[in-house]
Every structure is written in C-alpha cells, then in structure tokens.
2 protein chains.
Amino acid sequence: MHKKVNIKTIAAELGVSPSTVSKALKDSHEIGVETRAKVQAFAKMYNYKPNSLALSLRNQKTMVIGVIIPQITHHFFTRVISGIEFIANQKDYNLMICLSKDEYEKEIQNIEMLTNGSVDGLLISIANETLEKGEFGHFERLLKQEFPIVFFDRIPPGIQADKVIVDDEAGGYNAGKLLLSKGRKKLGIISTPEHVTVGVLRERGFYRAIQEAGAEVLPQFNVKIEEKFDIENQIDQMFTQKEFPDGIFAVNETYAALAMKIAQKRGFQIPRDIAFIGFTDGVISRLTTPTMTTIAQHGHNMGNKAAELVIQRIYEQENDKTPNQTVVISTNIVEREST
Amino acid sequence: MHKKVNIKTIAAELGVSPSTVSKALKDSHEIGVETRAKVQAFAKMYNYKPNSLALSLRNQKTMVIGVIIPQITHHFFTRVISGIEFIANQKDYNLMICLSKDEYEKEIQNIEMLTNGSVDGLLISIANETLEKGEFGHFERLLKQEFPIVFFDRIPPGIQADKVIVDDEAGGYNAGKLLLSKGRKKLGIISTPEHVTVGVLRERGFYRAIQEAGAEVLPQFNVKIEEKFDIENQIDQMFTQKEFPDGIFAVNETYAALAMKIAQKRGFQIPRDIAFIGFTDGVISRLTTPTMTTIAQHGHNMGNKAAELVIQRIYEQENDKTPNQTVVISTNIVEREST
DNA sequence: TTTTAACACGAAAACGGTTTCGTAAGCATA
DNA sequence: TATGCTTACGAAACCGTTTTCGTGTTAAAA
C-alpha cells in the first residue's frame, strides 16, 4: 500500500515546519495569508486527511462508540443498532460493533479490547451466558472507573448504571389483557428460561393481567423453551394434551410464528380456535398467515435513547455527574389477524 | 473518567524507565529477572493493558477491518457480517461497521473516515445510489493506492478488484428450471430496477432457463419493484389481469413472501394454482404458510471468503501481489411447500 | 593489571498530529 | 537610539508505545 501524505511531507515539500502546516490547515491567523493559501492548496491537491489515530491519541478522544451485542442476526438488535447509528451519526460518532455470541468469555474479550483506548463510550446488551452465570465483575470494574457505559435491553440486575429497557412487564400485561378482552379463557405462554431477564418480565406482566382477571394459566400451558433442544417439539407439547389453550402469548417473534404454524398443522384455526400474540419488532409478523398481532418493541427508539445517554455521559465533566438513569421505552399493541 | 495506568505511571511508580517496563512486560531477557517479575506483578495488579491507539500508531497496523454495508436491517447482510466476524475473530481482527444507508454521500464519508488510519482493510457492499449513479471514483482512488479492499455482493461493474459474489445468474437459472420441471408454463418474475446488479443477474439466469425450454415470460408478468412506491400495489398488478402466472420467482425473500400473501388474498392456492420461489438467506421462508422454496445464498460463506481475502491482501508484501480474484459462492435450492 | 564481554538498564527517536511558548524581523513610538 | 508591539513562523512537548542504540557496571579472560 502506498503511503498517504501527512503533515510532515507537506511541510518538507513546501519548506515550512509541521506546526506551520497544522496551523495553516485550520486557518489559524497566526500564519500569513500567503502561506495559508499555499498550504491549503497543496493539501487539497494531494487530498490530505489527518490521521485519525494520531488525532485520537493526542486528543484522548476517539469519536467512536463501542457496541456489544449478543447476536447480529437477531432482527431486534439490528433495529437498535440502526437507532444508535442514527444519533451517533448526527453527533459525528462512529460505531465499533462487537458480537459476544452470547458467550461470557467473548464479552470480556470485547470489553477489554474496546476499553483500551479505542472507544469513548460503550453500549452493551449482555450475553445470555453472562446473565446465567450472574457474573458482572467486568462491568463493575468499568463503572468504578466511571467509564461511560449504557446498558440496553439485557441489563445487569442489581447494578447501578445507566440503562435503557423496553417496558417488558407492561408489554406482557397488555398482551394478557388483549387476549382476555377477546374472551379467551384458557391462556398459554411460550417463554424462556429464568435467567433471560426480558422473558421473565414479559411473563410476569402476563400473569399479572391474568390474576387481575381472576383467571389462571394451567401449568402445561407454560412452556419454557430451551434453545439447545428441538424448539418445535417443545412447542408442540402444548397442543398434544386433552385440553388446549385458546389464547397464546409468545415472548418473541420466532416462537410465536412457529407456534402458529404448529397449531395450524394440528388442525387448529387461527384466531377462531386459538388467538396468538407475539412480542417483537421484527419483519416476520406481517408475513405470516394469518398476520400476527404483536407487542411492538421500538428497537430504533431504544437505540436512539441509548446513544443519546452515552454521548451525554461522554461529554459530562468530572465534577458534575448526573445520577444514573433508567429510560423505559414503552411498547404498543399492533393488532393484526391472529387475534 | 479515571485515567488508566500506562507504561509511564508504572515506570514512575517502580523507579525505572518506560523502556524497561515495556521490555519487562514482554519478558525481554534484556531485563533482569527481578525487575521483570516486579514489573509484571505490578502490571497485573493494576490490570494494565496497552493502549491500542498508541500501538496502532506505532505499528502502522490497527487490527481492524472496516465493513461498509447499505443496511443493517437486511437479514442477508447480517449473515454476511457474522461470517466476516467469524474469520476476523480467528485472526485477531476487529470490525468497524458503517452503514451507507444506500446513499452515495454517506458511502464516501464512511470510506474517508475509515481509510484515515482507522482500519487495515475494507469490505464493501455498494450503496444502491452509488450503483445508480455509476460513480466509482472513490473506490478507484483507493485501489490505485493499493489499499486492501474486497467488494462483496453488490460490486462495482467493470472495475478490477477482489470480489465475492453469489452466483446470482445460476441461482436465477435454477429457479427457472425448478418451476419448469414442476410443469409450470406461464412464469412470472418479481424483480428490481436495472441498476441493482444482483437483481439483474438473477433475472437474466431466470430468462436463460426459460429460453432454453423454448418458453417465454409475458411482459405483464415481469414486475420491477420501485421501493419508493407502494410495494404491495405493484405486486398486486400481476394478479389483476385476465391471465395469471402459474409459477413466480421473486428476487428476494420479502417480495416472495408478500406476493404469496397477496396471491392468497386473491383466492389463489399455493402451490396448486401458483408456485413460488424466492431468493434469500433469510428467516422468513420457514415461517410463511405454506413454507417457501428458496434459492439459498449462504451469506455466512460469503462473509468468510471476503474476510479471508482481505486479510490475505493485508499481509501481502509490496513486491509479490497476487492478481485480483473473484470468488463465487454457489447457491442451492431448498425446496419447501410453495412449489 | 588491562582488555573484553555480558548484563541491565536508560535515552531518544519514531508513529502523526496539536498546541504552547519562544523569537527574529519589522515597524512605530519616545 | 533604545524600547515596545505586531507579525509570522519554528522548536519542543505531548499523547502511549516500541525499539535501536548507547553506556555504566561487573565479572571473566588474557
């Protein structure tokens, strides 16, 4: 690769010092008009652009925000990222995106890599394995250093930090209410294991709605999916009992879409026999047959908020820190054919 | 934010020089064993990690690969990214992902930003607007400098460079052959405007299959979607004529899924009346009703290959350059219920 | 006793910028 | 003529590392 022009080469070429070039390029009026013009013309002609590493090192500021997410193939996270990018872009920040692949070790590696000077702040959605282990020392170390961090969606329970979350509990509650309002009595839920915070909250809200109505969920109508086993089999169990639910809430889009297909294969009509509602921000719900009613998550908003928060933290002075915030992104129901 | 420990602070604390610390940390046996032990213990205790900016500046090597894609919410691109990440991770590279949002200007900005020292190489899938304009000067400048670049999926036509593409033409051809082999006679295609290279190639292959069979596509059965108008309306036109196709190929997953829904709404049965086949690597095709037959793109493979190529270019010596390569990722048919 | 070599460490330059401070030249003022 | 003030620029430090090239000390060899 050919070397790019830098301030030194310009200086040598023009017979002035590097400092003169630097000042001339920013139109410092410390430098004579002729010299300024000469330097600027030369720089333009050779398409000079300052080296960002050198700038970052000098200014102790990279204008980069690190983002750590568990999986990039999850549509929700890509919505969040596009929201982050939208704000970052406005404020001249760039993104460095790392994937933890839901692994604790990779998450730690990513964090170490990013916090060694590469980024000014960090946006994190925690890996499943980390949540399962419950080990958050790597976050606490950074928080103690007052490194700017904002957690989003999957947050560390019981840790003081800035957070942006979806109102999962209320979303689950509204899903329950909606099914009940459609006259459904025997409700079911397709959920996730205990350590996945968001799943738990959605489930909790769902149960709250049901209790308020004086109803209950039969144990066999509560399926907690273990992703390491066959998902379709686990869902199918809900339809192989003598009784079957007439309204099902799934805590994510894929489970809901799969459940709809499986129910149809078992001969149930949607929504006549069973109504379905999913929790999602995805692209699938419009394309299923019938189209799926969902609790919309607004991942883009979440990204916006998270980016705003972290940038605010980055600019904050050492002396006047604002207290930690938790921003809640509220959901809303998008009613389609499945209810 | 509290300052991190660096080599200087360690040196000062231990009463030795920065160079001694640096050497001690890499177990240089230029340094006495006691001093080495002392420095290493201190570094470990304070969790010292070298500043990556300083390292990059010094070594003229960032261990970062820049990726520019049009949209992160396109599932195909996220598959490619996860493929890129897989290889990059193995070779200790990190990713800096930028979004062009399919805009020419943003693409240029991204490139300028990334090539000012931030990355060692670049992986690019070109913005639609750039392809439309046909202006590739920003790429040619970099290629002339011999900056390591690999284009993937959406490539600049007629430019010498490393490229990784899906075998779109063959994919289209196979889609056509499959529909014909099912006895379909009146074929239709849902495609994209001319400037989207991949769409054109898929269409070309499709037509080749049809011509070989001595058949033809009626003009009203060729719909080129303009995304700025209502997509469903444009697709619907195919079903409002007196004649209708009995086999439809859509050049992407969303168009195919939408078309299936619209056809069903119009009362057609799939695949009895109309067979559908989509071009995709997505998550939707398993969840539609009926499930969708697709030409699978293997975005993950594409990401692998692209990353391997660019890393190879990065390590290449100035003297012995290998000639430009074009790697073709072949597709395969995944047959499901829609045919 | 002198030379030589090994050992253990430090000074300084380099990566590519920015910024503070110093200073020579030119001119006006007393 | 001596002093002060601009003007226009350069030297040098700094950001955090690495690495080359000394150099002073000690011990071994001559």
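The values are calculated or read from the model by the stated rules, or taken from the named source; none is laboratory data. Computed from a prediction, not measured in an experiment: that's the story for all the values here. Here the Cβ is made from the backbone with ideal geometry for all residues, glycine too, and neighbour counts use every protein chain on show. Heads up: the accessible areas ignore ligands, DNA and RNA and are worked out on the full protein's heavy atoms, side chains in. Shrake-Rupley method; radii C 1.70, N 1.55, O 1.52, S 1.80 Å.
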Self-check item: Where B:His195 falls short, out of the listed (1) within 14 Å of another protein chain (Cβ to nearest Cβ); (2) closer than 20 Å to B:Thr254 by Cβ; (3) open to solvent by 40 Å² or more (accessible area, probe 1.4 Å); (4) not charged (D, E, K, R)
Solution: (1)
Practice problem: Sort out which residues of the stretch A:44-56 are away from DNA strand D (no atom under 15 Å from the Cβ) and either more than 18 Å from B:Asp120 (Cβ to Cβ) or in contact with a Gly (Cβ under 7 Å, 6 or more places away or on another chain) (or both), and write them in order of number. | Solution: A:Lys44, A:Met45, A:Tyr46, A:Asn47, A:Tyr48
Self-check item: Matching residues in the stretch A:212-262 - criterion: being over 27 Å from B:Ala257 (Cα atoms) and among the basic types (Lys, Arg)
Solution: A:Lys224, A:Lys228, A:Lys242
Exercise. Only residues that are open to solvent by 70 Å² or more (accessible area, probe 1.4 Å) and under 14 Å from B:Ala88 (Cβ atoms): list them for the stretch B:310-324, please.
Key: B:Gln312, B:Tyr315
Exercise. Would you please list the contacts, defined by Cβ atoms under 8 Å and residues six or more apart or on different chains, that run from a residue in the stretch B:1-13 that is without any contact (Cβ under 8 Å) to a residue 24 or more places away in the chain to a residue that is assigned to a helix (DSSP H, G or I)?
Key: B:Lys8/B:Pro18; B:Ala11/B:Pro18; B:Ala11/B:Thr20; B:Ala11/B:Val21
Quiz item: Out of all the residues in the stretch B:77-103, which are aromatic (Phe, Trp, Tyr) and either modelled with pLDDT under 95 or open to solvent by less than 30 Å² (accessible area, probe 1.4 Å) (or both)?
Solution: B:Phe77, B:Tyr93
Quiz prompt | Residue under evaluation B:Lys133, criteria (1) within 14 Å of another protein chain (Cβ to nearest Cβ); (2) over 24 Å from A:Leu55 (Cβ atoms), criterion not met | solution = (1)
Practice problem: Using the structure shown, decide if B:Tyr46 is among the aromatic types (Phe, Trp, Tyr) and under 24 Å from the mean Cα position of the chain (by Cα). | Solution: no
Quiz item: Counting only residues that are near DNA strand D (Cβ under 8 Å from one of its atoms) and either within 24 Å of B:Glu146 (Cα to Cα) or part of a helix (DSSP H, G or I) (or both), how many does the stretch A:1-26 have?
Solution: 8
Exercise. Evaluate the stretch B:27-37: report whether one residue or more is of a type outside the set (Val, Ile, Thr), part of a helix (DSSP H, G or I) and facing chain A (nearest Cβ under 10 Å).
Key: no
Exercise. With the checklist (1) more than 10 Å from chain B (Cβ to nearest Cβ); (2) closer than 16 Å to B:Met113 by Cβ; (3) in contact with a Lys or Arg (Cβ under 9 Å, 6 or more places away or on another chain); (4) not β-branched (Val, Ile, Thr) in hand, flag the one item A:Pro70 doesn't pass.
Key: (2)
Exercise. Return yes or no: is B:Asn59 in contact (Cβ under 8 Å) with a residue 40 or more places away in the chain and within 16 Å of DNA strand D (Cβ to nearest atom)?
Key: no
Quiz item: Name the residues in the stretch A:101-155 that are more than 19 Å from the chain's Cα centre (by Cα) and at positive phi, would you?
Solution: A:Gly117, A:Gly134, A:Glu146
Practice problem: Only one of these is open to solvent by less than 60 Å² (accessible area, probe 1.4 Å), of a type outside the set (Phe, Trp, Tyr), within 8 Å of DNA strand C (Cβ to nearest atom) and within 14 Å of chain A (Cβ to nearest Cβ): B:Ala43, B:Ala54. Name it. | Solution: B:Ala54
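Matching residues to (1) out of contact with any Leu (no Cβ under 9 Å at 6 or more places or on another chain); (2) within 14 Å of another protein chain (Cβ to nearest Cβ):
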| site | (1), (2) |
| --- | --- |
| A:Asn252 | yes, yes |
| A:Leu258 | no, yes |
| A:Ile274 | yes, no |
| A:Gly282 | yes, yes |
| A:Thr293 | no, no |
Practice problem: Considering every residue within the stretch B:76-86, establish whether at least one is part of a loop (DSSP other than H, G, I, E, B) and either without any contact (Cβ under 8 Å) to a residue 24 or more places away in the chain or more than 10 Å from DNA strand D (Cβ to nearest atom) (or both). | Solution: no
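Condition check ((1) in contact (Cβ under 8 Å) with a residue 40 or more places away in the chain; (2) crowded, with 21+ Cβ neighbours inside 10 Å; (3) closer than 28 Å to B:Pro70 by Cβ; (4) of a type in the set (A, V, I, L, M)) across all residues:
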position: A:Glu105; (1), (2), (3), (4): no, no, no, no
position: A:Ile108; (1), (2), (3), (4): no, no, no, yes
position: A:Ser118; (1), (2), (3), (4): yes, yes, yes, no
position: A:Leu122; (1), (2), (3), (4): yes, yes, yes, yes
position: A:Thr130; (1), (2), (3), (4): no, yes, no, no
position: A:Lys133; (1), (2), (3), (4): no, no, no, no
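For the stretch B:78-92, enumerate the residues that are at the interface with chain A (Cβ under 9 Å from one of its Cβ atoms) and either of a type outside the set (S, T, N, Q) or touching an Asp or Glu at 6+ places or on another chain (Cβ under 6 Å) (or both). Write out each step before concluding.
Taking the stretch B:78-92 first, the residues at the interface with chain A (Cβ under 9 Å from one of its Cβ atoms) are B:78-79, B:81-82, B:85, B:89.
B:Arg79, B:Ile81, B:Glu85 - these are the residues of the stretch B:78-92 that are at the interface with chain A (Cβ under 9 Å from one of its Cβ atoms) and either of a type outside the set (S, T, N, Q) or touching an Asp or Glu at 6+ places or on another chain (Cβ under 6 Å) (or both).
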Quiz item: Which fully enclosed helices (runs of 4 or more DSSP H) of the stretch B:100-148 have 3 or more residues being in the same structural domain as B:Ala306 (by TED's automatic domain parsing) and within 26 Å of A:Gln90 (Cβ to Cβ)?
Solution: B:104-114, B:128-133
Self-check item: Boolean, B:Lys144 is within 14 Å of another protein chain (Cβ to nearest Cβ), surrounded by fewer than 21 Cβ atoms within 10 Å (Cβ to Cβ) and basic (Lys, Arg)
Solution: yes
Quiz prompt | Test result for A:Ile72, open to solvent by less than 60 Å² (accessible area, probe 1.4 Å) and more than 16 Å from DNA strand D (Cβ to nearest atom) | solution = yes
